[in-house]
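Below is one structure; the comments refer to it alone.
The values are calculated or read from the model by the stated rules, or taken from the named source; none is laboratory data. As the structure is a computational prediction, the values presented were derived from the model and not from experiment. In this analysis, Cβ positions are derived from the backbone assuming ideal geometry, glycine residues included, and neighbour counts consider all displayed protein chains.
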Amino acid sequence: MARQYVELGTLILALVALWLLFVFIQNPIALLVNSVFAIVLLLLLNMIFRVGIPINILTVLIVAIGGLVGLLLILLFRFSNVAFYTAVHEK
């Protein structure tokens, strides 16, 4: 039951992100500024607050295309342990 809510929430967030992307495509400078700001913020969050989001091609593409909304989605998935977390191996 709870998984259905996660899927519904993800779908709603994806539709909002798609709408925001459409809005930003109409003004490419705003899209570029939003993407660069979000990538810099992702790097700062990892360096200063150590949120533990792996920096790879997938996370950078999501943040570059989605901007701040993409970064918020990654943070949401990271802190709910759905995705974008690094496995800790215990000895």
Q) Within region 27-44, is even one residue within 14 Å of L75 (Cα to Cα), of a type in the set (S, T, N, Q) and out of contact with any strand residue (DSSP E or B) (no Cβ under 8 Å at 6 or more places or on another chain)? A) no
Q: Only residues that are free of Cβ contacts under 8 Å to residues at least 24 places away in the same chain and under 15 Å from V63 (Cβ atoms): list them for region 20-44, please.
A: L32, V33, V36, V40, L43, L44
Q: Check G52 against each of (1) in contact with a helix residue (DSSP H, G or I) (Cβ under 8 Å, 6 or more places away or on another chain); (2) more than 18 Å from F84 (Cα to Cα); (3) of a type outside the set (D, E) and name the one condition it does not meet.
A: (2)
Q) Which of the residues that make up region 1-60 are in contact with a Ser or Thr (Cβ under 9 Å, 6 or more places away or on another chain), part of a helix (DSSP H, G or I) and modelled with pLDDT of 80 or more? A) L42
